[in-house]
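S.K.: Before I ask anything, let me first share the structure, which is written out below as structure tokens.
The values are calculated or read from the model by the stated rules, or taken from the named source; none is laboratory data. Treat the numbers as computed from the prediction; the structure is a model and nothing was measured. Here Cβ is always computed from backbone atoms with ideal geometry, including for glycine, and neighbour counts include all displayed protein chains. Ligands, DNA and RNA are stripped out before the accessible areas are found, and what is left, the full protein with its side chains, is counted by its heavy atoms. Shrake-Rupley method; radii C 1.70, N 1.55, O 1.52, S 1.80 Å.
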Amino acid sequence: MDSVNIFKGYGKVNDLEDQSSQRRNTTTPSRKPLIFTFSILAILLLTLTIGVWLGALIHHTETEPPEFPPLSSIRAVCEVTRYPESCFSSISSLNLNPNPTSPEPADPEAIFKLSLRVSIAELSNFKPTISNSNEAALRDCRSQIEEAMGQLNDSLVAMDVDPGEKVLTEAKIGDLKTWISAAMTDQETCLDGLEEMESTTLQAVKTKMQKAREYTSNSLAILANLRTLLGQFHMSLH
């Protein structure tokens, strides 16, 4: 009888061991999904951090303004124009932090591009002065100024090229001369129209347009002498 109880007791022990083993088998594997989840989250966090860092680096690189050309180089380039003083003062005024000893190499092409920006900005400032009149001559003048701005904008856009592509070529220089010359003609046509119509605003318009005419003339002069200027700075079309 005691033997039977012993065997029965042994059977209970075995049952307890089996149950304990089953609990271990069912609880131990549950740690693996948890570890896997933490690993995935860590990888995602690392990827996100790297992505944010790269994004910030790229944004900084793309938005960082280029160094402004040395003032001495701007003056040298402006010497080929009909209005060297207005050329120098207008272009150098674009730089909010002048640095006469800037290490940036002189680039006549870049200075020419700045001269176009100056011309466009001055025409934009001038346009409102003739926009609030119903006088026929002034309406025609306003149309001519808009055409002039379009020609100069086309010139500026033509100089925006992809990396590795030349900013200026012989063919492009020919196009730019045509567009800038047309912009000058548009401004003169405006004044001619006011004179023919005997407009009382002629003198006032001529005075207000003087800077725009000078700046456009400066751009054309720089472009016309660009090959010589590049030679002086030991450069070629690029």
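S.K.: Restricting the search to the stretch 119-131, which residues are in a helix (DSSP H, G or I) and either more than 22 Å from Arg227 (Cβ to Cβ) or modelled with pLDDT under 95 (or both)?
M.R.: Ile120, Ala121, Glu122, Leu123, Ser124, Asn125, Phe126, Lys127, Pro128, Thr129, Ile130 - these are the residues of the stretch 119-131 that are in a helix (DSSP H, G or I) and either more than 22 Å from Arg227 (Cβ to Cβ) or modelled with pLDDT under 95 (or both).
S.K.: Looking at Pro103, Pro108, which is the one that is under 30 Å from Gln232 (Cα atoms), modelled with pLDDT under 95 and crowded, with 21+ Cβ neighbours inside 10 Å?
M.R.: Going through Pro103, Pro108 in turn, just one is under 30 Å from Gln232 (Cα atoms), modelled with pLDDT under 95 and crowded, with 21+ Cβ neighbours inside 10 Å: Pro108.
S.K.: Test of understanding: among Thr185, Thr178, Thr200, which residue is modelled with pLDDT under 95, more than 12 Å from Asp140 (Cα to Cα) and open to solvent by 30 Å² or more (accessible area, probe 1.4 Å)?
M.R.: Thr200
S.K.: When the stretch 203-234 is examined, which residues are found to be open to solvent by less than 30 Å² (accessible area, probe 1.4 Å) and within 26 Å of Pro128 (Cα to Cα)?
M.R.: Hits for the stretch 203-234 are Val205, Met209, Ala212, Tyr215, Thr216, Ser217, Asn218, Ser219.
S.K.: Which one is modelled with the highest pLDDT, of the residues in the stretch 203-238 that are more than 30 Å from Asn125 (Cβ to Cβ) and out of contact with any Leu (no Cβ under 9 Å at 6 or more places or on another chain)?
M.R.: Here the residue is Thr228.
S.K.: Moving on to the next point. Out of the residues in the stretch 155-172 that are assigned to a helix (DSSP H, G or I) and closer than 22 Å to Arg227 by Cβ, which is most open to solvent (accessible area, probe 1.4 Å)?
M.R.: Once the filter is applied, the top-ranked residue is Glu170.
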